[in-house]
1. Looking at (1) in contact with a Pro (Cβ under 6 Å, 6 or more places away or on another chain); (2) loosely packed, with under 13 Cβ neighbours inside 10 Å; (3) of a type outside the set (S, T, N, Q), find the lone condition where Ala2 falls short.
2. Report yes if Thr77 is farther than 22 Å from Arg118 by Cα, buried (at least 17 other Cβ atoms within 10 Å of the Cβ) and modelled with pLDDT of 95 or more, otherwise no.
3. Give just the number: which of (1) farther than 24 Å from Leu64 by Cβ; (2) open to solvent by 60 Å² or more (accessible area, probe 1.4 Å); (3) modelled with pLDDT under 95 does Glu104 not satisfy?
4. Could you grab me the full set of residues in the range 65-93 that are farther than 18 Å from Gly15 by Cα and part of a loop (DSSP other than H, G, I, E, B)?
5. Of all the residues that make up the range 56-68, how many are at pLDDT below 95 and open to solvent by 30 Å² or more (accessible area, probe 1.4 Å)?
6. Can you confirm whether Asp83 is at pLDDT below 85, within 27 Å of Ala19 (Cβ to Cβ), open to solvent by 40 Å² or more (accessible area, probe 1.4 Å) and not small (Gly, Ala, Ser)?
7. Filter the range 10-35 down to residues that are in contact with a strand residue (DSSP E or B) (Cβ under 9 Å, 6 or more places away or on another chain) and within 20 Å of Ile107 (Cβ to Cβ) and give me whichever is most open to solvent (accessible area, probe 1.4 Å).
Amino acid sequence: MAVEHLPGKLVVEVGERQAWPFLTFLDTGSGPERELRLYLDTDWLITTPGDVRPAPAGAPDNPLPELARINNRYVVTAVENADESLDVTFDNDLTLRVSGEPTETTIGVPWWLSPWSREPQEEQGNQHDQPHQ
């Protein structure tokens, strides 16, 4: 999944798995609904229009309140820059800016997208139709 496919997707969840903050995007436009996650393992920040900070200078100690600002928002643009940083702009004019540089605590790549996954109930089928054992 390339970041260029994120526009039009809705952020339906923000959270933290182990040490990695993440955003979950919902795609409702391609048959059955499906989701993917953006994991962050580097510096990032959320900027407002006109903010001219050059790059993320750190990540919040508690990322969830900051990420909640973009929960339930649609992606307008998403660009992976030449320096491998990521800029995702939302319908409330906020932009998530993710560094392309690892930090001293980065384990692998600075950020990554999970594969698409379908909704659990679609994969499992309707449990009410399954015989009880």
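The values are calculated or read from the model by the stated rules, or taken from the named source; none is laboratory data. Quantities reported herein were computed from a predicted structural model and do not represent experimental measurements. Positions of Cβ are generated from backbone atoms using ideal geometry, with glycine treated the same way; all protein chains shown enter the neighbour counts. Surface areas here come from the heavy atoms of the whole protein model, side chains and all, with no ligands, DNA or RNA. Shrake-Rupley method; radii C 1.70, N 1.55, O 1.52, S 1.80 Å.
1. Just one mismatch for Ala2, condition (1).
2. Considered against the rule, which asks whether it is farther than 22 Å from Arg118 by Cα, buried (at least 17 other Cβ atoms within 10 Å of the Cβ) and modelled with pLDDT of 95 or more, Thr77 comes out as no.
3. Failing condition for Glu104: (1).
4. Across the range 65-93, the qualifying residues are Asn81, Ala82, Asp83, Glu84, Ser85, Asp91, Asn92, Asp93.
5. Summing the residues that are at pLDDT below 95 and open to solvent by 30 Å² or more (accessible area, probe 1.4 Å) in the range 56-68 gives 8.
6. Here the answer is no, as Asp83 does not meet what is asked.
7. Arg17
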